[in-house]
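Worksheet for the structure shown next.
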Ligand SMILES: [Zn+2]
């Protein structure tokens, strides 16, 4: 192996510069502003070459090696993933119904769902699934690209994933199965109940996670419409003495802006950006706390750390802090004190959030187990769909066409990702328990909580998970299984 013709620290500065430029354009794109797609493609190309240069000279530090392999794989998938994105809008369409004057696509499926009647929802669902053969070769191509890039460097996406999530394969499978089996019964009970409330009929296979998420919080919208989702989380972070000047929030309503909230780590820790586009009051509030949780982590990372320790944060670690802050929107005392909710209103929030959490665990158990086997056995797309149908039946409880996963906005796009949501959910609940034990039920009013959180987040990827987490499912599952104690 040859050596880099300059110091690694210089290599890192250049790599980071590409990331900053790229995320700035990407932020503009999501924000509905003019952006330069050509420039983005050129930057991505340069970034890949730069990463390959490092890979041709060294495999150490290990974290940088894994980051570079992932970066190269990501870039090599760009053309296919742009094509997939386009196909989802132009080809995966149903003429059975229209939304805002246009045939329904997976992109408008969620909004369409919250308005349409059962018959047309069923027809659209079936239609969209029937169109998946159009995107199937693109999805296949993306996974194969990733496998071949990883193979070139003697690794697999699954191994890289497990390493950065710091979990062994058997433990991960056991964790997911445990969560999925635990929620099966209470989930089915709540599902029946809310289905009767919302659609006045038992649930059907096409009443998916997004259908319920779009409908369930409606009774809460009136109360939450009095609050600004771009302001409440900022106030909360200030209570914890975070330097919120490093978080830039954009609340403008532009037609092309991404609906709901998103966070960008443009430069860690100096430039975090959150976009908020109000759509429906309670969900916006939840989503905004979630994204500000990401931003909170971004601005807390020690600036003196090397790039790979600041940047290479696994999804399972990043989602701890977003879902952690989001959880405030279901904390009864918090809802009373900061939002002035009545006891009855609080009950509504807590029960409905519990149902969505049960649905989330059931759905993501199926999603995760499918993706784990898919990566472990390098399944064909057809076998993956067959397996998905079996797992969906087992954990969510319906017979669906297994191709449904191919429509999802995360499942085909990432090597794994889904299990990270579950890992993070467990750790998030442990973190909240830890804070309550240390600083009391109203920890969110204490600057000491902010200090503790900063101490946990500042090491970036070197985070000491043992400080608050043993992957104990108790704190997550207890309130889901026994809501009354
Ligand atoms: Zn997130």
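The values are calculated or read from the model by the stated rules, or taken from the named source; none is laboratory data. Note that the structure is a prediction, hence the values are computed from the model and not measured. With ideal geometry, Cβ positions are generated from the backbone for all residues, glycine too; neighbour counts draw on all protein chains shown.
If you go through segment 56-84 and pick out every residue that is over 16 Å from residue 307 (Cα atoms) and touching a helix residue (DSSP H, G or I) at 6+ places or on another chain (Cβ under 7 Å), you end up with 10. Selection over segment 20-48 of residues that are in a helix (DSSP H, G or I) and under 22 Å from the mean Cα position of the chain (by Cα) gives a count of 10. Is it true that residue 287 is assigned to a helix (DSSP H, G or I) and at pLDDT below 95? So residue 287 passes the test.
Apart from one condition, residue 282 fits all of (1) more than 15 Å from the ligand (Cβ to nearest atom); (2) free of Cβ contacts under 8 Å to residues at least 40 places away in the same chain; (3) surrounded by 24 or more Cβ atoms within 10 Å (Cβ to Cβ); the exception is (2).
Every condition in (1) surrounded by 21 or more Cβ atoms within 10 Å (Cβ to Cβ); (2) closer than 21 Å to residue 110 by Cα; (3) more than 21 Å from the chain's Cα centre (by Cα) holds for residue 88 except the one numbered (3). Scanning segment 286-310 for residues that are closer than 25 Å to residue 160 by Cα and touching a helix residue (DSSP H, G or I) at 6+ places or on another chain (Cβ under 7 Å) returns 294, 297, 301, 302, 305, 306, 307, 308, 309, 310.
For segment 90-97, state whether one or more residues are within 27 Å of residue 142 (Cα to Cα), touching a residue at least 24 places away in the same chain (Cβ under 8 Å) and part of a helix (DSSP H, G or I). No, the conditions are met nowhere in segment 90-97. Inclusion of residue 69 among residues that are crowded, with 18+ Cβ neighbours inside 10 Å, under 30 Å from residue 388 (Cα atoms), under 25 Å from the mean Cα position of the chain (by Cα) and at pLDDT below 95 is not warranted.
Could we say that residue 247 is over 27 Å from residue 400 (Cα atoms) and touching a helix residue (DSSP H, G or I) at 6+ places or on another chain (Cβ under 6 Å) here?
Here the answer is yes, as residue 247 does meet what is asked.
Just one of the numbered conditions (1) buried (at least 18 other Cβ atoms within 10 Å of the Cβ); (2) more than 26 Å from the chain's Cα centre (by Cα) is not true of residue 53: (1). For segment 103-119, filtering for residues that are modelled with pLDDT of 85 or more and either within 19 Å of the chain's Cα centre (by Cα) or surrounded by fewer than 21 Cβ atoms within 10 Å (Cβ to Cβ) (or both) leaves 5. The residue that is farthest from residue 429 (Cα to Cα), counting only those in segment 302-319 that are in a loop (DSSP other than H, G, I, E, B), away from the ligand (no atom under 16 Å from the Cβ) and in contact (Cβ under 8 Å) with a residue 24 or more places away in the chain, is 306.
Has segment 153-163 got any residue that is assigned to a helix (DSSP H, G or I), touching a residue at least 12 places away in the same chain (Cβ under 8 Å) and assigned by TED's automatic domain parsing to the domain that holds residue 378? No, because not a single residue in segment 153-163 is assigned to a helix (DSSP H, G or I), touching a residue at least 12 places away in the same chain (Cβ under 8 Å) and assigned by TED's automatic domain parsing to the domain that holds residue 378. Among the residues of this structure, residue 129 counts as one that is buried (at least 17 other Cβ atoms within 10 Å of the Cβ) and out of contact with any strand residue (DSSP E or B) (no Cβ under 8 Å at 6 or more places or on another chain).
Here 347, 354, 336 are screened, and the one residue that is closer than 23 Å to residue 203 by Cα and part of a helix (DSSP H, G or I) is 354. Taken over segment 249-271, the criterion of being away from the ligand (no atom under 13 Å from the Cβ) and either assigned to a strand (DSSP E or B) or modelled with pLDDT of 95 or more (or both) is satisfied by 249, 250, 266, 267, 268, 269, 270, 271.
Looking at (1) more than 22 Å from the chain's Cα centre (by Cα); (2) surrounded by 19 or more Cβ atoms within 10 Å (Cβ to Cβ), find the lone condition where residue 1 falls short. Here residue 1 meets the rest and fails (2).
Residues that are crowded, with 24+ Cβ neighbours inside 10 Å and over 19 Å from residue 64 (Cα atoms) within segment 295-306 comprise 295, 296, 297, listed in sequence order. Is segment 334-355 home to any residue that is within 16 Å of the ligand (Cβ to nearest atom) and assigned by TED's automatic domain parsing to the domain that holds residue 217? No, because not a single residue in segment 334-355 is within 16 Å of the ligand (Cβ to nearest atom) and assigned by TED's automatic domain parsing to the domain that holds residue 217.
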